[in-house]
Amino acid sequence: MTTIPLAIPRPVHPTGIWSWITTIDHKRIGILYGVTAFLMFFSGGIEALLIRIQLARPEQNLITPEIFNQLFTMHATTMIFLGVMPLSAAFFNFVVPLQIGARDVAFPRLNAFSYWTFLGGALILKMSWLTGSAPNGGWFGYSPLTGITYNPGHGIDVWILSLQVLGIASLAASFNFIVTILNMRAPGMGLMRMPLFTWMTLVTAILLVLAFPVITVALIELFFDRAFGMNFFNVAAGANAVLWQHLFWVFGHPEVYILILPAMGIVSDIIPVFSRKPLFGYGTVVLAGVIIAFMGWMVWSHHMFTVGLGPVANSVFAVTTMMIAVPTGIKVFNWMGTMWGGSLSFKTPMLFALGFVTMFVIGGISGVMHAIAPSDAQQQDTYFIVAHIHYVLFGGAIFAILAGVYYWFPKLTGRMYDEKQGQMHFWLMFIGQNITFFPMHFTGLNGMPRRIYSYYGGLGWDFWNLVSTLGALILAVGFLIFIYNMAKSWRKGEVAGSDPWDGRTLEWSIPSPPPEYNFVEIPHVEDRDDWWEEKQRRRERRAVPVVAGGSDADEGHDIHLPQPSYWPFFVSLGLFIGGMGLIYLMNVDADGIRTLNWAALTVTVAGLFMGVVSVYRWSFEPVNDPEPDGGHAAH
Amino acid sequence: MANATAAVTHGEHEPTTTGLDHRKLLMWAFLGSDCMFFGTLIATYLVYKNKSIEGALPIDVFDIPVTSVSTFVLLMSSMSMVMAYAWLTRGNLKAFRIWLASTAIMGATFLAFQMFEFRDFAVHGQLTPRTNLFGSTFFTLTGFHGAHVTLGVVWLLSILFHSFRKGGVTPEKNLDVDLAALYWHFVDIVWIVIFTVVYLFGVFEGFPGAAVSTGH
Amino acid sequence: MSQQEETRVEESQDAHSVHTGHPTPATYFKVAMALSILTAIEVGIFYITALSYAIIPILAILSIGKFALVVMYYMHLKFDHPIFSGMFFFGMFVATGVIFALMALFSWFLI
Amino acid sequence: MLRLSPRYRYLIALAMVGMLAALLFGCTPNDPHSTFDARGPVAQSQLNLFWIILAAGAIVFVLVEGAIIYSIIKFRRRRNDEIPEQVEGNSTVEFAWTAGPTALLVLVAIPTIITTFDNQVSPDQNALTVDVVGHQWWFEFRYRHPDDPEKEIRFANDLHIPVDEVVNVNLGSEDVIHSFWIPKIAGKVDMIPGGGNTMWIQADQTGFYYGQCLEFCGVQHANMRFRVIVHSEEDFDAWLRSEAEPAIDSPDPLVQEGKRVFLTAGCTACHQTQSVVNVGQVSLQGPNLTHVASRTNIAGGVFDNRGEDGEVNDAIFQRNIRTWLEDPEKAKTGNVMAREAPSYMNPEDALSEAELSALVAYLSSLK
C-alpha cells in the first residue's frame, strides 16, 4: 500500500498546534474533548445566566422575546450536545483504554475524526450567534413551529445541520468504543470484571448507535420539508403534527440515559475508592444499567402525556416509566451499600459523587411524580419540570462529571488539584444548585410556565425567581474557582504520583500522566478490582511499598503505536464546510417560493468533495509507516 | 494482575479479546444502527400510509411486475457477491473479479430501474416528493435505499480496481471484501422488506383507502 | 489469559481465516434459487384476490424467510460469532419494536 | 447508635426547619396559578394523586437521604482505620430494595390508571360544548348558538362557563401546537393543528380564574393567556344570549367615525364584528371583536381591563386599547397585527391621532 503517493506527507510534529491537529492519541483527544466541552459548557452557562437575569424580576425587558427564545434553545442544545455528551466522551477517551488495559482505542484515527467533527458541529451551532440566526424552536424543535411557515430564516436549518454533524461525530465515537471495549480488553478481563465506568460507556455507546439514527431521520424529514417543500410535517397535506414528537422522543428519551449513564458509571467507580470497599452488588449495578438502557426505549411517550394519546397509551407509558424507577433505585441503594461499613474519605471527588447521589435522588423522585400521567398534566411545561431536569442533569450528570474531573485530574496531568479550592467549589456548587433549582419546584407548582421571557408580578413567582437568579450567580462564582484551580494546578500543582487515591482499577497502576503507550506490558487481569487486589497480594507477599507501573520511559521503545494523520481532520473540515453550505441551500421567500442558492450549493459540494477525497486518502493510508502491510487493521 | 508479555509482532494482528477483527465488529455494529435508520423511515412511511389527502397513491403508480424484476436483479447481485467472496477465499482471483464486476453491474442495473421508476412516477403518475404524504415518505425511503446502493456500487468498483494492483486484494486479506459484502447484503435485505411492505402491501386492495384512489 | 480463552481465540481466528465449515458456492446458488422462488411466489400470491387479508401474514412470512436466508447464509451469521448476531438482531429488534409501537400509537391496528 | 456532635445536630435541625419553612412558603394556594387550590373535580383528582406521590416520595426521600447522611457521619474515615471488610454484596438486602420500591410503585400505579381513564371520559356527553381554538398568540372560544344549531358564537380571551356543570371542550389550533390549561380547574391538554383532542372541565365555584398556553408556540408564547369566568347558571345563560346579539351601534359621531376607520383601514381583513357565524366556518386571523369592550383582557392577557372591583372598567379599557393600537409591536413584540396590518407596515398608511381616537371610541362602544 505504500506505493500510493500521499498528497500530504505523514505529519511529524511532536509538539505545537499541528501535533494536536494530527494527534490520534486517545489521551490527547480526551483532553481536546474535555477542554472544548468545558468551553461550550461555559458558553451555555452564560446563556443560562442571561435567562436567569431576565427572569430575576417580573416584567423585565433586558432581553427581547426573540433573543430569549434563542437563548433557551441554545442553552439546552449546548448543554446536552456540546456539554454533557462530549464531557462524557472526554472520559470515554481518556479513561476507558486505561481501565481495560489497552494502548489506544480500536480505531485511533476514527477517534480523531469524532473529535474534529464534534468541534465542527459545535461551531456550526455557536457561530449562529454571530450570523444573527440562532435557532429559536426549543431543543425539542416541535413541528409545525419549526416548519418554514412559522419559522422562516435559517435558524432552524442551523440547528438541523449542527445536530446532524454532531450525530455523525457521536455515532463514529460510539462504534469506536463498542469495538474498543468488546475487543481490546486486557487478557483475563471478562465482561464481569470490567470497571463500572467502562460498562456504562459500553451501554451508552450501544444506546447511542440505536438512538441517533432516529433523530437523524427526523431531522432529514424536517430539512426536506423546509428546504424542498415536502410534507412530512405539513398538516395541510394530512400530516400528523405529533409524529415529530414521537420521533424526537424515541431518540430523546434514550438520549436522557446517554447523558446520565456515564455519570452513574463515574460515581460507581469513585464511591468504592473513597470508601475502600468494592462496589456493593456489582452484578446488580451492571444489570440495572443494562435494564435502564433497554427500558429507555419503552417510555418515550411520558414526554407526551398531554398530547392526547388516549388513556390506554398514557397508562402503559405511565407504568413503564414507574418501572424504570426500580433499577434506578437499585443503583442508589447499592451506592449506599458500598458506603455502609466503609472508611469514607471526603476528598473533592467523593464530595461531588455524594452530591450526585443526593441530588439525583431528588431528581429521581420528581421524575416518578411525572410518571403519574394525570398529575403530570399540572406539571408538564412548568418550572417543576425545569427543576426536575436540572436535578438530574446538573445536580446529577454535571456533579458526576466534576467528580470525575477531580478524580482523574492527577492521572491526566500528573499533578494534584488544590484540595481546599476543590472543596470550596463543591460547597458553592451544592448550595448554588439547591438555591437555583429547588425554588423552581415552587414556581412550577405555582403555575409558572417554562420558556416564557417575562411574567407579571403578583402571581407568587417574584420571590422565588429572584432566589433562583441569586443561586445561579453562586454557581457562576463556583465555576470561576474551578477554572482557576484547574488552570493553576495543571501547571504548578503538587506532583501527584501514580496512585494518589489508593485506586482499585487498572488506570492507577501506571504512571501519571500515562506514557503515550499507556502500559509497558499489557496486564493480565485476575480480579474485578484488579489493581487493588494486586496491591493486597503484594503487601502480603513482601512488605515493600507498591510502585505503580514500574516503567521508565526507555522501556517503551519497542511498542509501535499508530502514527498521527491529517486525514481525520480534513474529513471533519469537509463535513463542517458542507454542513455550513447546506444551511443556506434554499432561500424561501415570504410566499413560500423556493430558490436555490448557488453559492451555498457550491460550498456544499466543495465541502463534501473535500470530505470524500480525504476519506479516500485516509483509507489507503497505512496506520504504521513504513511497515508494509502493518496497519490495515484500523481503517 | 500478573504481567504478561504480550508479544506484538508487526504485520500480524494483535490478538483481540473476542478473537474477532475490529473492523468486522464495527461493521456489524453499524448494520445494527442502520436498521434503526431504515426502521424509522419505514415507520414514517407506514404511519402515513393511506393518509394522503390528494395526489397519486401506491395503486396509481406502482408497477409490480417491473419492480419484481429489479428486486430479482438485486437478489441475484447478493448471490454474485457471495460467490465473489467465496472464490476469493479459495484463491481464484479471476473468478472473484468476474463475480464482483457482475455484482456491481447488477447493482447499477437496479439503480437504473429505480431512476426509471422515479421518473415514470413523476411524469405519468404525477407523483413527486412534494405531491402528498405518500410521495414524501416513498421517495425519501426508497431514495435513501438507492443512496446506499450507490455507495455500495462505488465501494465494489473501488475494490475491483484495487484488485488489479499487485497484492491489492489477496485471499489472506479477504476482510476488505467481506466487509463490502456484508454491506451489500444488508442493502439487499432492506430491499426485501421494502418490496413487501411498500410495494406489495401498497397495492394490496384490502387496505382501507388503498383502492379508493383520488388520483388518476 | 486463561488457557481456555487462548484456545478460543485461536480457534475463532482459524475459523475466520480459513472459513472451514462455510457453505460452498453450490449452497449459495441453492439459496439464490430459493430466494428467486420465494419472490416469484410472493408476486404470484399477490394476484390471488381470493386470499383477502390472509395475504398479509403470508407475504410477511415469505419475506421474513428471504430475509433470514440472506442473513444466515450470505452474511454468514449462521456460522459466525454470536456477538455479530447480537449486535445486528438487537438493532433490528428495537427498530421493529419502534415501528410497531408507532403504528399502534397512530391507531393503525384499529382501522 | 449514632452519636452526633452538638454542632451537627444544630445544623441538621436548622436545615430541616429551613426546608419546612420553604415548603410552607412555597406552596401558596392563593396565587392565581397555584395547582394546590383545586376548584374542580379534574384538578382535584390530579391534586389527590399529587399528594399520594408526594407522600410516597417524601418517605423515600427521608429514608434515602437519611441513610446517606448517617453513613457519611458514621463511616467517615478515622485515623488508623483498618481496611474495612470487602463486602461484595448481599442478595437478601438487594432483593428487599428491589421488591420494596416495586410494591410502592404498584400501589401508586393503580390510582394513576383509574384517574387517567376517569379524566378522559366526560361524565356527560350532552353537556355544554365549547370549541377552543389556538392562534398565535391568543385563544378563541366557540359556543353553540342556544337557538340555532347551524350557528355558533365566537369570542376571544375570556372563557365563560356555568358553575357546577360539566363542560366538554374540543381543542384545536389554527397554526402551531398550543395547550389549554386552567391550573385551578384542569391540567393541560395540547391543542394540535388538525388533531381532535377533547377534555372535560367543571368548576365548583363561581369566580375568576387564570388560564395560559403551556406549550412553547413562538415568540409571544409568554403572552398567550386567557381568563375563565365561572357564572351561576342563570348568569351564564343571560351572558350567552347577550353575546349572540350584536353590539349597540352608538350614534355618537366619534364612534361612527371610528367605525369608518375600522372598515377602511384594513382591520376587517382579520377582525369581525359579528359574533354569530355558521358552524365550522374558518375564523379570520384576528380575534372576533363583537363585544371586545366587555372582555377582561386584550392581546392575550397583555392588558388587564379590570378595575379595583374586578369588573371591566371603561377607562382602563380605553387606555389599554389606545396603548395597543398606538404601537402593538411595543406592547407585544412580534405579534401578527404589527407584522401584517398595513397601518403598521407602511408609514403612509399609519393611523393619524384623530383616527386613533375615533377607533378607540368605536372599539370601546363594542360592549
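Only the coordinates and a few stated rules stand behind these numbers; no lab work does. What you see is a predicted model; the values in this text were computed from it and never measured. Positions of Cβ are backbone-derived with ideal geometry, glycine not excepted, and every protein chain shown enters the neighbour counts.
Which one, B:P171, B:P129, B:P65, has the greatest fluctuation when you compute a Gaussian network model over chain B with C-alpha springs under 10 angstrom?
B:P65
Need the list of aspartates and glutamates near D:K151 for cross-linking: C-alpha distance under 15 angstrom, and skip anything on the same chain fewer than eight residues off.
D:D131, D:E243, D:E245
P(r) of region D:128-244 in 10 Å steps, Cα pairs, percent per bin?
Pair shares across the bins are 15, 49, 31, 6.
Calculate the all-directions average of the projected area of region D:24-125's alpha-carbon convex hull, and give it in nm².
Result: 10.8 nm².
When averaged across all projection directions, what area in nm² does the alpha-carbon convex hull of chain A cover? Kindly include the intermediate steps, with their values, before the conclusion.
Working: hull surface 116.2 nm².
Taking a quarter of the hull surface, the average projection is 29.0 nm².
For the Cα atoms of chain D, what angle does the longest principal axis make with the long axis of helix D:91-120, in degrees from 0 to 90, nearest 10?
Around 20 degrees separate the two axes.
With respect to the cross-link table entries B:K94/B:K173; A:K27/A:K126; B:K49/D:K188; B:K173/C:K66, which display a Cα-Cα separation exceeding 22 Å?
Beyond 22 Å between Cα atoms: A:K27/A:K126; B:K49/D:K188; B:K173/C:K66.
Using amide H atoms built 1.01 Å from N in the peptide plane, name the residues 5+ places from D:L159, or on other chains, whose amide H lies under 5 Å from its own.
Amide H to amide H, under 5 Å and 5 or more residues apart or across chains, D:L159 pairs with D:R227, D:V228, D:I229.
Taking a quarter of the surface of the Cα convex hull of chain B, what do you get in nm²?
In nm², the orientation-averaged hull projection of chain B is 15.7.
Treating only the Cα positions of the protein assembly as shown as identical point scatterers, give the base-10 log of I(q)/I(0) from the Debye formula at each q in 0.05, 0.06, 0.08, 0.09 Å⁻¹.
Evaluating at q = 0.05, 0.06, 0.08, 0.09 Å⁻¹ gives log10 I(q)/I(0) of -0.40, -0.58, -1.02, -1.26.
I'd like the FRET efficiency for C:M33 and A:L601, computed as 1/(1 + (r/R0)^6) with the beta carbon distance as r and R0 of 45 Å, rounded to 0.05.
0.45
Given R₀ = 30 Å, FRET efficiency for D:T92-A:E526 by Cβ-Cβ distance, to 0.05?
FRET efficiency, D:T92 to A:E526: 0.55.
What are the ³J(HN,Hα) values, in whole Hz, obtained from phi via the Karplus relation 6.51 cos²θ - 1.76 cosθ + 1.60 with θ = phi - 60°, for each residue of region D:154-161 in sequence order, with x given for Gly and Pro?
With coefficients 6.51, -1.76 and 1.60, one gets 10, 8, 9, 6, 10, 9, 9, 9 Hz.
So what is the 222 nm mean residue ellipticity for the protein assembly as shown from helices alone, if each DSSP H run of at least 4 adds -39500 (n - 2.57) and you divide by all residues, rounding to the nearest 500 deg cm²/dmol?
About -19000 deg cm²/dmol.
For Cα pairs less than 8 Å apart in space and 6+ apart in sequence, what is the mean separation divided by the residue count of chain A, i.e. the relative contact order in percent?
19 percent
Taking neighbour counts of Cβ atoms within 10 Å as a proxy for exposure, in what order, fewest first, do D:D81, A:D499, A:D25 appear?
The most exposed by this proxy come first: D:D81, A:D499, A:D25.
How many nm separate the modelled label positions at B:A101 and C:A68, each set 7 Å beyond the Cα in the direction of the Cβ?
So the two model labels end up 3.8 nm from each other.
Find out how many positive minus negative residues lie around A:G44, taking Lys and Arg as positive, Asp and Glu as negative, among other residues whose Cβ is under 15 Å from that of A:G44.
Local charge sum for A:G44: +1.
Run the quick spin-label model on D:I110 and D:N126: label points 7 Å from Cα toward the beta carbon, then report their separation in nm to one decimal.
3.6 nm
With a ≥ b ≥ c the root eigenvalues of the C-alpha gyration tensor of region C:22-105, is it rounded (a/c under 1.5), prolate (a/b larger than b/c) or oblate?
oblate
If you plug each phi of region A:93-109 into the Karplus form 6.51 cos²θ - 1.76 cosθ + 1.60 with θ = phi - 60°, what whole-Hz ³J(HN,Hα) values come out, in order, with x for Gly and Pro?
Karplus values, whole Hz, x for Gly and Pro: 5, 6, 8, 4, x, 5, 6, 9, x, 10, 8, 6, 7, 5, 10, x, 6.
Compare D:W138, D:W200, D:W239 in a GNM of chain D, Cα atoms joined below 10 Å, and give the one with the largest fluctuation.
The residue that fluctuates most here is D:W239.
When only C-alpha pairs under 8 Å and at least 6 residues apart count, what is the relative contact order of chain B, in percent? Walk me through the numbers on the way to the answer.
Details: 208 pairs, mean separation 70.5, N = 216.
About 33 percent, as a whole number.
If the limit is 27 Å between Cα atoms, which of D:K259/D:K332; A:K411/A:K488; A:K331/C:K78; D:K332/D:K367 go over it?
The pairs that break the limit, which is 27 Å between Cα atoms, are A:K331/C:K78.
Quick one: 3J(HN,Hα) in Hz for region D:326-333, Karplus 6.51/-1.76/1.60 with θ = phi - 60°, rounded, Gly and Pro as x.
Working through the residues one at a time gives 5, 8, x, 4, 6, 6, 8, 3 Hz.
How would you rank D:H178, A:H75, going from fewest to most other Cβ atoms within 10 Å of each one's own Cβ?
Ranked by crowding around the Cβ, least crowded first: A:H75, D:H178.
If amide hydrogens are placed 1.01 Å from N in the peptide plane, which non-local residues have theirs closer than 5 Å to the one on A:Y453?
So A:Y453 has HN proximity to D:A222.
Along the principal axes of its C-alpha atoms, what lengths does region B:110-189 span, in descending order and rounded to whole Å?
Here the Cα extents, ordered largest to smallest, are 51, 19, 15 Å.
Compute the Cα gyration tensor for region D:160-303, then decide on rounded, prolate or oblate, letting a ≥ b ≥ c be the square roots of its eigenvalues: rounded whenever a/c is under 1.5, prolate when a/b is larger than b/c in the other cases, and oblate in all that remain.
Numbers: a/c = 1.90, a/b = 1.34, b/c = 1.43.
Oblate.
Would region B:13-70 count as rounded, prolate or oblate if I go by the C-alpha gyration tensor, calling it rounded below 1.5 in a/c and otherwise prolate when a/b exceeds b/c, oblate otherwise?
Judged from the Cα gyration tensor, region B:13-70 comes out oblate (a/c at least 1.5, b/c at or above a/b).
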